[in-house]
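Remarks on the structure that follows.
The values are calculated or read from the model by the stated rules, or taken from the named source; none is laboratory data. The structure presented is a predicted model; accordingly, all values stated were derived computationally and were not measured. Note that each Cβ is placed from the backbone with ideal geometry, even for glycine, and that neighbours are counted across all protein chains shown. When the accessible area is computed, the model is the full protein with side chains, heavy atoms only, and any ligands, DNA or RNA have been set aside. Shrake-Rupley method; radii C 1.70, N 1.55, O 1.52, S 1.80 Å.
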Amino acid sequence: MENSKNKKLEIIRHSLSHILAAAVQKLYREVKFGIGPAIENGFYYDFDFIEADKNGYQRGLTRITPEDLPEIEKRMRELIKKDIRFEKKMLSKAEAERLFKDQPYKLELIKELPEKTVSIYQSGDFIDLCKGPHIKSTKEINPESFKLSRIAGAYWKGDEKNPMLTRIYGLAFQSEKELKDCLKNLEEAEKRDHRILGKRLELFLIDEEFGSGLPLWLPKGAFLRKLIIDFALNTYLKRGYQLVATPHIANLNIFKKSGHWNFYRENMYSPIEVENEQFMIKPMNCPGHVKIYNSKIRSYKDLPIRFTEMGTVYRYEKSGTLHGLTRVRGFTQDDAHIFCTPEQLNSELLRMIDLTKYILNSFGFKKFEISLSVRGPKEKKKYLGSDKIWRLAESTLENALKTKKLPYKRYPGEAVFYGPKIDFLISDAIGRKWQLTTIQVDFNFPEKFEMVYINKKGKKQRPVMIHRALLGSIERFLGVLLEHYAGALPLWLSPVQVSIIPVGSSHRKYAKDIAEKLKKEEVRAEANIQAETVSRKIREAEMQKIPYILVVGDKEMKNKTVRVRKRGKGDIGEITLKKFIEKSKMEIEKKL
Ligand SMILES: [Zn+2]
Ligand SMILES: [Zn+2]
């Protein structure tokens, strides 16, 4: 039932893309058509609005903007109400080429089709090259259940060497209510967009001139980053990890030896030449940690060894896929590599699962889904290591999840080239899923780098290696955190925790004294002594999502008190400064 409903909706969405193209054709006669599929929540169609003369010379651009969408939408509704039929015809390739002689993108598609005949769909004046299926008539579409949502640039066939087309997106559902719900969710998501919040809260900057996908941290953002890193690192150090540090570039040979050059090259940048040697910007921290392990003889008594590093790595991402902090080209992992005996693997995994839950809970993420990525049955060449090793790694991970009674899903074919992994997907405040934590078993690295420890019998033995990043990348984690809290970070994570606002100029000194006192108690406070009205300063602090605002005037000065405004609650009354200090320190301590 659900399935056939979805099928029907998909057909409606795809049919709407034809109606969109038909409406655009009426308004912009010279437009060239790309493709128009159904997608999640709706549809799109790609257009080339470049106008050319008879000889193919460009006459100028017809640019469309979001302001043009309502007009197109209106035309679409008119067409829908006309009860236009979708009619399928089969043509020979030659006939189709004649029909689409002015449509270069369609001609290109016709050429690529392996079949001798091609199918076309006609709806009113608009004819498209299309396999279908389609609705019988526009009668089947509720004209109030769709909306054109946005415009974006999209390369023809997704290839940056091709012309950039204009993609018009639409949302479409079977009922008006479903459309409205979707619009509401989108609006909620926009309020939480970490790129917008990052700007408003003055946390980070992505400057195209400096480099796409390379965030620059402003003072408040850099401080927030430090808070996250300090908390994670201190937790790890308390739990038996040792801090190491490795450089940002390394000799290419090390990545050839590790297998990254063969199996991971598409994610790496080109080598840099230094004195006739090739160096790589590191995509991973592992080889450095392995070298540190290998720098001396290890005994079974030393294991497990847990090396951790806030390691910055650089990975190639296509410019089209970059997105704020959640998809970047350079990022810092809360990375660690654990080296243990095969007997210790199970207990190390159990510890790590506990640690993951503790870390994620501390930041307010309580709900997560777990995926277990294992090797696919067929494509064995993609992976390093023997069957026996893989079976052992996969079953150990699975057993750890079973022991912890954690529900998980198995994903065959999703493993990394060197081993299987567990990923934690957290659910944010509005139910969106984000992948953060990854725990990967690796029986392969130890082989490649001939890692050993001396076992009880005095013999050399291979340790097992685990790669893990619990927050994932600090950048992505911070982006997710901002979206989860819609910018209203918990007190302990707020770069500015308290803003003190004097009522008049005679209260400035008192405000500054309070700020100093709070700072001494390690509460991050700022006195706002600018010459602005109190209400304006309150509004500003609220925009900055500062958890506490203290307003001080004559009465507060005389009583040695503060008037407290709590974020989201408003005025919560007057209390002594001493009480406020105790209260805020306790809340910070409890990570509220
Ligand atoms: Zn179609
Ligand atoms: Zn690693």
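Quick notes on this structure:
- Among Glu144, Glu398, the sequence by solvent-accessible area, most first, with a 1.4 Å probe is Glu144, Glu398.
- Taken one residue at a time, the phi angles of the range 180-185 give Karplus couplings (6.51, -1.76, 1.60, θ = phi - 60°) of 4, 4, 5, 4, 5, 4 Hz. Gly and Pro are set to x.
- Unsatisfied cross-links (Cα-Cα over 31 Å) in the set Lys291/Lys456; Lys357/Lys517; Lys291/Lys457; Lys180/Lys226; Lys257/Lys409: Lys357/Lys517; Lys180/Lys226; Lys257/Lys409
- Helix-only mean residue ellipticity at 222 nm for the chain, each DSSP H run of n ≥ 4 adding -39500 (n - 2.57), per residue, nearest 500: -11000 deg cm²/dmol
- Pairs beyond 30 Å (Cα-Cα), from Lys296/Lys405; Lys8/Lys378; Lys220/Lys512; Lys402/Lys460; Lys555/Lys583: Lys296/Lys405; Lys8/Lys378; Lys402/Lys460
- Cα pair distances exceeding 42 angstrom across the chain, given as percent: 43 percent
- Looking at the range 484-592, the GluC sites (Glu not before Pro) that sit in a DSSP loop and have at most 15 other Cβ atoms within 10 Å of their own Cβ are Glu521, Glu522, Glu532.
- 22 Å Cα-Cα threshold exceeded, pairs from Lys560/Lys585; Lys147/Lys191; Lys32/Lys318: Lys32/Lys318
- Peptide ranges 402-414, 160-172 listed from the most packed, as the mean C-beta count within 10 angstrom indicates: 160-172, 402-414
- Relative contact order %, the chain, counting alpha carbon pairs below 8 Å whose residues are six or more apart: 10 percent
- In a DSSP loop and with at most 14 other Cβ atoms within 10 Å, the chymotrypsin sites (Phe, Trp or Tyr not before Pro) in the range 194-247 are Phe210.
- Per residue accessible area in Å² of the range 204-318, where ligands, DNA and RNA are left out and the probe is 1.4 Å: 53 Å²
- The phi torsions of the range 142-159, fed into the Karplus equation with coefficients 6.51, -1.76 and 1.60 and a -60° offset, translate into couplings of 7, x, 9, 9, 9, 7, 6, 9, 6, 10, 9, x, 8, 5, 4, 6, x, 10 Hz, rounded to whole numbers, with Gly and Pro shown as x.
- Percent accessible area from carbon and sulfur atoms, the chain, protein chains only, probe 1.4 Å: 51 percent
- Over the range 415-535, accessible surface divided per residue gives 38 Å², non-protein components excluded, 1.4 Å probe.
- Within straight-line reach of Lys519, meaning a Cα separation under 20 Å, sit the following aspartates and glutamates at least 8 residues removed in sequence or on another chain: Asp230, Glu556, Glu582, Glu587, Glu589.
- A Förster radius of 22 Å combined with the Cβ-Cβ distance from Lys296 to Lys448 puts the calculated FRET efficiency at roughly 0.70.
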